[in-house]
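Some notes on the structure that comes next.
The values are calculated or read from the model by the stated rules, or taken from the named source; none is laboratory data. Model, not experiment: these values are computed from the prediction. Note: ideal-geometry Cβ built from the backbone for every residue, glycine included; neighbour counts use all protein chains shown. For the accessible areas, the whole protein counts, side chains as well, though only heavy atoms, and no ligand, DNA or RNA atoms are used. Shrake-Rupley method; radii C 1.70, N 1.55, O 1.52, S 1.80 Å.
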Amino acid sequence: WDNADFSRGVGTTFYQEFSTLNTAKPPFVRDVEAKIRRYLRSSYSAAWTLKITWEKAPVYAAQTDTRKTITYQAVLTTDGFRSYILMLYQDGGMQWDYTRLASTNVLIGYT
């Protein structure tokens, strides 16, 4: 994510917080719980979830080209004991030309 460049006023970053410890869970949080249960084969009930969206983010350095963008999300969630992150990328949404980046050893993901 460090190669996104919002300095030219193109693209948007926003977030939404869901505190669901003692409240009804919205469909988005129920979907996150279902994904964790399905993929990790674990019982899970979220107490808190944060969704961060980078929409139409141009590649660094934006002064060269702001037409090629990417939309992606990070969803952080915890039950108070275990924490998870879901990294979601728009299907077919990677418009950056990674061959033109300053660094060519580009990875999507985390360690």
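Numbers at a glance
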read-out	value
With every protein chain in place, the range 12-100: carbon and sulfur % of accessible area (1.4 Å)	52
E17-Y89 pseudo-label distance in nm [points 7 Å out on the Cα-to-Cβ vector]	3.0
Gain on full stretching of the segment that runs from R82 to F28 - 0.36 nm per residue minus C-alpha separation	17.6 nm
Accessible area in the full protein assembly, largest first, 1.4 Å probe, for E55, E17, E33	E17, E55, E33
Three-way shape label, the range 12-100, alpha-carbon gyration tensor, a/c 1.5	prolate
